[in-house]
1. So what is the accessible area of the chain per residue, in Å², with the probe set to 1.4 Å?
2. Helix 35-47 sits at what angle to the longest principal axis of the chain, using alpha carbons and giving 0 to 90 degrees rounded to 10?
3. On a 0 to 90 degree scale, rounded to 10, what angle separates helix 201-213 from the longest Cα axis of the chain?
4. Within the set of other residues whose C-beta is less than 11 Å from the C-beta of Arg178, count the net charge using Lys and Arg as +1 and Asp and Glu as -1.
5. Once you have the Cα-Cα distance between Lys17 and Asp76, take 0.36 nm times their residue separation minus that, and quote the gain in nm to one decimal.
6. To the nearest 500 deg cm²/dmol, what mean residue ellipticity at 222 nm is calculated for the chain from DSSP H runs of n ≥ 4 alone, each contributing -39,500 (n - 2.57), summed and divided by the residues?
7. Could you list log10 I(q)/I(0) for region 187-274 at q = 0.14, 0.15, 0.23, 0.26 Å⁻¹, which the Debye formula gives when each Cα is one point scatterer?
8. Using a Gaussian network for the chain with springs between C-alpha atoms less than 10 Å apart, which of these wobbles most: Thr18, Thr60, Thr74?
Amino acid sequence: MILFRKGDELKKYLIAKTGQGLNIGFVPTMGALHEGHLSLIRAAKERSDLVVSSIFVNPTQFNDQQDYLHYPKTIDQDILALEKSACDILFMPDVKEIYPDNYLPLSYDLGFLETVLEGKFRPGHFQGVCQVVDRMLEIVTPGLLFLGQKDYQQCMVIERLIQLKHPSTRLLIVPTMREKNGLAMSSRNLRLSTTDRVKAEAIYKGLMKIKAQLQQGTLQQLCEEVSNDLLDAGFEKVDYISISHATTLAPVNEWDGKTPLVALAAAFISGVRLIDNIPLT
Ligand code: AMP
């Protein structure tokens, strides 16, 4: 695996590789890698000639400074895991490399998507996500971009960014990897105690309950029930439990039995905010 720290050096290297006819698959991450990330690397390996991954904890997507400061870092382990997964290139820039002094923060027209769910509870988050992914796509110019379904709304947002600015990149969404008890793997799980990790399975159980009990008609009561189930299980705060349109993410309160749906959740346990989702149809 080759390590790059400078965007212009990586870009030059990749332009030469693309010129030789190689397809580039890109897996951006914030590090503290787990099996979920590695499943993206494997998916990229299957479909591309050259797999590029990045590790960069992007300051502009954190609306909570404490969350940014406490974001887990396991760089040595990450490098070993990427090498074992046969990742070809690791891009590990520092903040100034992505946001140089002359960087003008861009603003992206994300429309309705930015006003709901994560957009509503984490103001500015998706603008920050677009800023970093836009910069990364400019540098890497991959044919394929691999993102995890775990961050469902982020996938919809990046699909829009691609339409707006990077039409030669195609997005592939990789299914969520879970622990045995159903808890979605996440770097933030490193901040949970063993007991909290057990309690946190309530998120997956709640989403599965929605899937099992879904029927045509009013959905609001089901969401409220699951929200209460999370509080009973030990979550201290639920930002949302939502049943939404699978692509626009508009909340669906009354279901016609046909509209494609996804159930999404965000809740806090011991100060750690977890998100998860399950496509319903
Ligand atoms: P992050 O490092 O959390 O920014 O995640 C980097 C990429 O890994 C994103 O595309 C995530 O959606 C994806 N990812 C995170 N957790 C999982 C998981 N449990 N299963 C599959 N992909 C994941």
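1. Working: 13280 Å² over 281 residues.
Normalised by residue count, the accessible surface of the chain is 47 Å².
2. 50 degrees
3. That works out to roughly 60 degrees.
4. Working: positive: Lys150, Lys180; negative: Glu35, Glu179, Glu201, Asp276.
Around Arg178, the surrounding residues sum to -2.
5. Numbers: separation 59, 0.36 × 59 = 21.24 nm, distance 2.73 nm.
Contour length minus Cα-Cα distance gives 18.5 nm.
6. On the way: 11 runs with 112 residues, N = 281.
Using -39500 (n - 2.57) per qualifying helix, the result is -12000 deg cm²/dmol.
7. Summing over Cα pairs of region 187-274 leads to -0.49, -0.55, -1.07, -1.26.
8. Thr74
The values are calculated or read from the model by the stated rules, or taken from the named source; none is laboratory data. It should be emphasised that the depicted structure is a prediction, and the values quoted were computed from it without experimental measurement. When we count neighbours, we look across all protein chains shown, and the Cβ atoms used for this are built from the backbone with ideal geometry, even at glycine. Just so you know, the surface numbers come from the protein's heavy atoms only, side chains and all, with ligands and any DNA or RNA stripped out. Shrake-Rupley method; radii C 1.70, N 1.55, O 1.52, S 1.80 Å.
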